[in-house]
Each structure stands twice: as structure tokens, then as C-alpha cells.
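Enquirer: Supplied in C-alpha cells, the structure appears directly below.
The values are calculated or read from the model by the stated rules, or taken from the named source; none is laboratory data. All values reported here derive from a predicted model rather than from experimental measurement. Quick reminder, even Gly has a Cβ in these numbers, built from the backbone with ideal geometry, and neighbours come from all protein chains shown.
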Amino acid sequence: MNNNSHSIRTPMSRVRGLGAARSGTDHFWKSRVTAVANVILTVPFVVIVMMLAKADYAGAMKIVGHPLAAILLMAFITSAAIHMRLGMQVIIEDYVHSEGTKIVLLMFNTFFAVAIALASAYAILRIGFAG
Amino acid sequence: MARTGPAERPLSPHLQIYKMTITMMMSIVHRITGAALFFGTLLLVIALLALASGKTSYAMVQAIYGSIFGKLVLFGYTWALFHHMLGGIRHFVWDTAAGLDRETRFKLAWATLVGSLGLTVAAWFFYLMG
């Protein structure tokens, strides 16, 4: 935070506090919000997976098809998908220095996270409505 | 003028010159487990899509996931999940500006490692015995 008279940052830019990327603490905050959700949702997730590991096909359909399990699973996967997209973005930005490759990888990162969330939600809803 | 040849000034030292500490190790492992979990979500999506597709495809997934190799991968996934979770909780502590002194840092790092291994073994113990 340079306050001397030689800074080319305007007073408005300092007050807004958004920095050069224009996003401020947005990335940090979203990663923390999803991290808290992930910790909470990991408990039911592990319980559901352990129940699934013991079940046959019909039992598994019943477990995942239960409204509570279905909603908790979708919540966990949605939160995890947002969180992992943010995390992988930082990994790419840290290690990939060629501008073109970096932009392509950042795009694929978003595509992958969205695909994971959508495919899981589709599967879970289909299982839920099949019963 | 463009510089040619190596820099004639001291360059900042990189990782290999430092003695490895448990906090360094846990920082690296936090990133590695995060990346592993990123790709590990595929395991979950595949299982859910197979279940949604029907009995035959789910039986196939059950056979692969239930094999020795499948179980090893799932055991690794379990550990990565718990380790990244506890590492994240450690970051929540640091976010409040607490626990940053040398002794607490080291304690938290060891707690992350021991805790993640403990939770993983406990989860698999419950699965195998329950």
C-alpha cells in the first residue's frame, strides 16, 4: 500500500482495494466459504460412501435415491467442484508460465469442474427420480 | 541492453538448499492431496453415473473398485481427503492469525499427518469390521 506522492495509483483505487486483478479478496473468500462447507459435508459424504460400499445395486439405488442423501451428495459435489477449480487455478498460475498454455489450461480447469458437478447432479437426480 | 550469460548477482535460493521441515512437507502434501482429490472426483462421478445407468454398469464398477488395486486407490483417496481436510482446518486457524509461532506450527503439522492417518485407518476399520 504505497501512500507516497510518487504512486501512480489513484486514491479511488486504493479505497476500492481490488488490486491489479480487479478481484480483491474474492478468490480467497470463495475458497474459504467452500472449504467450510466441504468440512461439514465430508462427514455425511463419508457415511454415505461407507453405506454404499456395503450395499448391492438395489440397496445403492435406495441410499442415493433418498432425498436427504441426494441433497447432501449434490451439495458436497457442488462445493467441492467450486473449491477444486479455485485450487487448481492457483496451481496452474504457479507452474505454467507460457501465457497461451496457461489460458487454455485455466479454461479446461473450469470445464472439468463444471462437468464433474453437472454429471454428478444428473446421475443423482436420475437415481432419485427412478425410485 | 539485453543481458547475456548468467546473472552476476546472487540469485535467491530455491527449495533444495533448505533443510526439509515438517511444515514444509505438510505444505507440499496439502497441494499434492488437493490435486489428487481434483482428479479423484472422477471416481465418484463414474460410480454415480454407473449406478444411474443400471445394474450391469454398476456391477462392473463394483468389481473394479472392489479389487485389490481399486481398494488401494480408494484407500489413498480416503487419506488424501482427510489430510486435505485437516490441512484446511489448520489454515482456518492461521486465518485468525493464531498458531503461527514455531512450536504451534510444528505441532499443527504433526497433528495433520497423525490425524489424517488415524481417520483413514478408523474409516477403513469401520468398513471392514462393521
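Enquirer: Is it the case that segment A:108-121 has a residue that's polar (S, T, N, Q), farther than 20 Å from B:Ile32 by Cα and more than 14 Å from the chain's Cα centre (by Cα)? Don't jump to the end; show me each part of the working.
Expert: Going residue by residue through segment A:108-121, those that are polar (S, T, N, Q) are A:109-110, A:120.
Adding the requirement that they be farther than 20 Å from B:Ile32 by Cα leaves A:120.
Keeping just the survivors that are more than 14 Å from the chain's Cα centre (by Cα) gives none.
Within segment A:108-121 (the criterion being polar (S, T, N, Q), farther than 20 Å from B:Ile32 by Cα and more than 14 Å from the chain's Cα centre (by Cα)), the answer is no, since none of the residues qualifies.
Enquirer: Check whether at least one residue in segment A:18-25 is within 13 Å of chain B (Cβ to nearest Cβ) and at pLDDT 95 or above, and report yes or no.
Expert: No, the conditions are met nowhere in segment A:18-25.
Rundown of residues vs (1) among the polar types (S, T, N, Q); (2) within 11 Å of another protein chain (Cβ to nearest Cβ); (3) more than 24 Å from B:Leu42 (Cβ to Cβ); (4) in contact with an Asp or Glu (Cβ under 8 Å, 6 or more places away or on another chain), yes/no style:
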{"site": "A:Arg9", "(1), (2), (3), (4)": "no, no, yes, no"}
{"site": "A:Trp29", "(1), (2), (3), (4)": "no, yes, yes, no"}
{"site": "A:Gly65", "(1), (2), (3), (4)": "no, yes, no, no"}
{"site": "A:Tyr95", "(1), (2), (3), (4)": "no, yes, no, no"}
{"site": "A:Ile103", "(1), (2), (3), (4)": "no, no, no, no"}
{"site": "A:Phe112", "(1), (2), (3), (4)": "no, yes, no, no"}
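Enquirer: Could I ask something else about it? Which of (1) in contact (Cβ under 8 Å) with a residue 24 or more places away in the chain; (2) over 23 Å from A:Arg32 (Cα atoms); (3) not hydrophobic (A, V, I, L, M, F, W, C) is the odd one out, the single condition B:His84 does not satisfy?
Expert: That leaves (2) as the condition not met.
Enquirer: Shifting gears a bit: Given the conditions (1) surrounded by fewer than 17 Cβ atoms within 10 Å (Cβ to Cβ); (2) more than 10 Å from every other protein chain (Cβ to nearest Cβ), and given that B:Val29 satisfies all but one, which numbered condition is not satisfied?
Expert: That leaves (1) as the condition not met.
Enquirer: Search segment B:40-86 for residues being of a type in the set (S, T, N, Q) and closer than 17 Å to A:Lys54 by Cα, and hand back the single one that is farthest from the other protein chains (Cβ to nearest Cβ).
Expert: Within segment B:40-86, the first condition is being of a type in the set (S, T, N, Q), and the residues that meet it are B:41, B:53, B:56-57, B:62, B:67, B:78.
Still in the list and also closer than 17 Å to A:Lys54 by Cα: B:62, B:67, B:78.
Working: B:Gln62: 8, B:Ser67: 13, B:Thr78: 8 Å.
Only one residue fits best here, namely B:Ser67.
Enquirer: Okay, next question. Quick check on segment B:93-124: of everything there that is loosely packed, with under 14 Cβ neighbours inside 10 Å and within 11 Å of chain A (Cβ to nearest Cβ), which residue is farthest from B:Thr21 (Cα to Cα)?
Expert: Within segment B:93-124, the match that is farthest from B:Thr21 (Cα to Cα) is B:Ala122.
Enquirer: Next up: Being among the aromatic types (Phe, Trp, Tyr), surrounded by 15 or more Cβ atoms within 10 Å (Cβ to Cβ) and either under 21 Å from B:His83 (Cα atoms) or in contact (Cβ under 8 Å) with a residue 12 or more places away in the chain (or both) is the filter here; which residues of segment A:27-71 pass it?
Expert: Within segment A:27-71, just A:Phe45 meets the criteria.
Enquirer: Every residue in segment B:1-26 that is within 14 Å of another protein chain (Cβ to nearest Cβ) and either over 28 Å from A:Ser31 (Cα atoms) or in a helix (DSSP H, G or I) (or both), please.
Expert: Correct list: B:Leu15 only.
Enquirer: Also, I was wondering about something else. Just to be sure, is B:Tyr58 at pLDDT 95 or above, surrounded by fewer than 19 Cβ atoms within 10 Å (Cβ to Cβ) and over 24 Å from A:Ala37 (Cβ atoms)?
Expert: Judged against the criteria, B:Tyr58 is not a match.
Enquirer: Out of A:Ala80, A:Ala35, A:Ala69, A:Ala75, report the one residue that is under 16 Å from B:Leu48 (Cβ atoms), facing chain B (nearest Cβ under 10 Å) and either part of a helix (DSSP H, G or I) or out of contact with any strand residue (DSSP E or B) (no Cβ under 6 Å at 6 or more places or on another chain) (or both).
Expert: The match here is A:Ala80.
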